[in-house]
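Comments concern the structure below.
The values are calculated or read from the model by the stated rules, or taken from the named source; none is laboratory data. In this text, all values refer to a predicted model and were calculated from it rather than measured experimentally. With ideal geometry, Cβ positions are generated from the backbone for all residues, glycine too; neighbour counts draw on all protein chains shown. Accessible surface is based on the protein model in full, side chains and every heavy atom, while ligands, DNA and RNA are left aside. Shrake-Rupley method; radii C 1.70, N 1.55, O 1.52, S 1.80 Å.
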Amino acid sequence: SDLFDDLEPFGIAETQEDRRQQIVRLASAFSHRAFDEEGRCVLGDPPPPTRETMWLCFGLLAGEKADRVLANAILGRLEMEFHIPARSEEQEEAAGEFDIFITNHTVQLLRLHREKLDLPVLEKMERWGRVGLRDYNGDRQSDYQFHGYNDNMPSKATLGMILGGELFGDEAAVAHGLWNLRQLRDLLSRRGTLSEYSSPTYSALSLANLTE
């Protein structure tokens, strides 16, 4: 879009912090053009997916006051989306708000930027994050395990159980997340690598989840 033609590409970064600040500035420049002050996307329909919008909010919340204000406006308007629809016939699960990506992005967001969230947004993010600690038959956090295939998703689930369990005082969730890490250790001892369709992109995302 012509709206973004003047955004500068990254220059050379001497340190990881330099690169991080470049990303924060780019997230700010992009978001202030892509969203109005009430958090509505102005790029037309369909709006960007919820999880990708949340990625921008990490950058905004790490920025200046105006960036944090916009992040709260955006997060306040976001709606839950589902990567995998609920397949259980249990009414409680079918009405739930769990998504392997969005739920755990929410936990990361709370862990890093909780104090920067307005109260209504904080309450919404806590509601989304707590869902990741609940369990049903299939398609929930504890069902994502390390098998040497699609390891990005169990990495995200492990992050959510450990950080979410610590955040909300759920010892069982923390214990299950630690069990997942032992399962990963066994996988690495057998194969020596994580797997996501041999993707360098997803391997980096898996490592980012584990370093959190």
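Of note:
- Residues (open to solvent by less than 70 Å² (accessible area, probe 1.4 Å) and acidic (Asp, Glu)) located in segment 191-212: Glu196
- Test: residue in segment 65-76 that is part of a loop (DSSP other than H, G, I, E, B), within 30 Å of Gln141 (Cα to Cα), touching a helix residue (DSSP H, G or I) at 6+ places or on another chain (Cβ under 7 Å) and at pLDDT 95 or above: no
- Residue count for segment 181-202 under the criterion of being polar (S, T, N, Q) and either outside any helix (DSSP H, G or I) or in contact (Cβ under 8 Å) with a residue 40 or more places away in the chain (or both): the result is 4.
- If you filter segment 143-180 down to residues that are assigned to a loop (DSSP other than H, G, I, E, B) and within 16 Å of Arg111 (Cβ to Cβ), you find that the one that is least open to solvent (accessible area, probe 1.4 Å) is Asp170.
- With respect to (1) more than 24 Å from Leu112 (Cβ to Cβ); (2) in contact with a helix residue (DSSP H, G or I) (Cβ under 8 Å, 6 or more places away or on another chain), the lone exception for Tyr149 is condition (2).
- All of Leu188, Leu184, Leu110, Leu122 fail the test of being hydrophobic (A, V, I, L, M, F, W, C), in contact with a Gly (Cβ under 7 Å, 6 or more places away or on another chain) and surrounded by fewer than 22 Cβ atoms within 10 Å (Cβ to Cβ), apart from Leu110.
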